[in-house]
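Data block below; observations after.
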Amino acid sequence: MHVPDGFLNAPTSVATSVVAAGAVGLALSRARRELDDRTAPLAGLVAVFVFAAQMLNFPVGAGTSGHLLGGALAAVLVGPWTATLCLTVVLAVQSLLFADGGITALGTNVVLMAVVGVWTGWLVFVGLRRLVRSAGVRAVPALAGVAAVVSVPVAALTFTALYAVGGHAPIPLGELAAAMLGWHTVIGLGEGVITFLAVGSIIATRPDLVHGARGLTAARELEIRTGVPA
């Protein structure tokens, strides 16, 4: 989903850069609440994993590319604020060192993947977790997988909306929307499976490290100690 230079006009690119800068600044102040000595190394591993996953690009059509986003996975594992920072670092490195995504479009890519992708995944996950809280930690991988499935096409639709407002490339909006939504729905399904497996593997060994399971693991530990359902 990396947007290249020149795809959106200057006003739209400036606007998304302002939004991205504000989101990253807020994330910098909030991420410290999500991390401690145990979970900080996990944030680095998440960034590396997302970087590797996003480097596997394939053409979607209409001048854009498709790949896994990793926003929901990062949000569930290390928290949404930290995930926003992880994705931003990944996108900046890809743009500046690997020419993957335009430099003038970096703000747009941060908004799409580090903000919309991360926070859509997190909000869907939190909403589902409240509905099935009685299922406890066991439900976390499946909920994370569903959140990942939803987050990818939502990010693609957000890009389509930005293009409708400030598209600067000679590509019909309908053609672009069909390509983005169609391919990213498929990508979302694959990302859901990968997110389910990745979160499930960590839940099976160290559920205390998973940000999205913190309240659930505490409740489960209390239930085990007291014998009273949480």
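The values are calculated or read from the model by the stated rules, or taken from the named source; none is laboratory data. Quick caveat: nothing in here was measured; it's all calculated off a predicted structure. All Cβ positions, glycine included, derive from the backbone under ideal geometry; neighbour counts span all protein chains shown.
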Checked the stretch 150-194 for anything loosely packed, with under 15 Cβ neighbours inside 10 Å and among the hydroxyl-bearing types (S, T, Y); matches are T185
Residue, nearest to G145 (Cα to Cα), within the stretch 166-204, restricted to residues that are in contact (Cβ under 8 Å) with a residue 60 or more places away in the chain and more than 20 Å from the chain's Cα centre (by Cα): A179
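Pick from V137, V126, V118, V89: which is under 20 Å from E34 (Cα atoms), surrounded by fewer than 24 Cβ atoms within 10 Å (Cβ to Cβ) and touching a Pro at 6+ places or on another chain (Cβ under 8 Å)? Reasoning before the result, please.
On the way: V126 fails: touching a Pro at 6+ places or on another chain (Cβ under 8 Å); V118 fails: surrounded by fewer than 24 Cβ atoms within 10 Å (Cβ to Cβ); V89 fails: touching a Pro at 6+ places or on another chain (Cβ under 8 Å).
Going through V137, V126, V118, V89 in turn, the sole match is V137.
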Every residue in the stretch 139-163 that is in contact (Cβ under 8 Å) with a residue 12 or more places away in the chain and farther than 21 Å from A74 by Cβ, please. T160, L162, Y163
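Just checking, does the stretch 98-121 include any residue being free of Cβ contacts under 8 Å to residues at least 12 places away in the same chain and more than 20 Å from V19 (Cβ to Cβ)? Can you show your working first?
Let us first name the residues in the stretch 98-121 that are free of Cβ contacts under 8 Å to residues at least 12 places away in the same chain, namely 99.
Those still in the list that are more than 20 Å from V19 (Cβ to Cβ) too: 99.
Taking every residue of the stretch 98-121 in turn, at least one turns out to be free of Cβ contacts under 8 Å to residues at least 12 places away in the same chain and more than 20 Å from V19 (Cβ to Cβ).
Does L222 fit the bill of being assigned to a helix (DSSP H, G or I), modelled with pLDDT under 90 and crowded, with 20+ Cβ neighbours inside 10 Å? Explain how you work it out, then say what you get.
Values: assigned to a helix (DSSP H, G or I): yes; modelled with pLDDT under 90: yes; crowded, with 20+ Cβ neighbours inside 10 Å: no.
For L222, the condition - assigned to a helix (DSSP H, G or I), modelled with pLDDT under 90 and crowded, with 20+ Cβ neighbours inside 10 Å - is not met.
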Within 24 Å of E34 (Cα to Cα) and of a type in the set (A, V, I, L, M, F, W, C): does that describe V154? no
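Among the residues of the stretch 23-36, what is the count of those that are part of a helix (DSSP H, G or I) and either in contact with a Leu (Cβ under 8 Å, 6 or more places away or on another chain) or loosely packed, with under 12 Cβ neighbours inside 10 Å (or both)?
Within the stretch 23-36, residues that are part of a helix (DSSP H, G or I) and either in contact with a Leu (Cβ under 8 Å, 6 or more places away or on another chain) or loosely packed, with under 12 Cβ neighbours inside 10 Å (or both) number 8.
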Being part of a helix (DSSP H, G or I), at positive phi, at pLDDT below 90 and out of contact with any Gly (no Cβ under 8 Å at 6 or more places or on another chain) narrows G136, G101 down to just G136
Of (1) assigned to a helix (DSSP H, G or I); (2) in contact (Cβ under 8 Å) with a residue 60 or more places away in the chain; (3) under 22 Å from L45 (Cα atoms), R129 fails just (3)
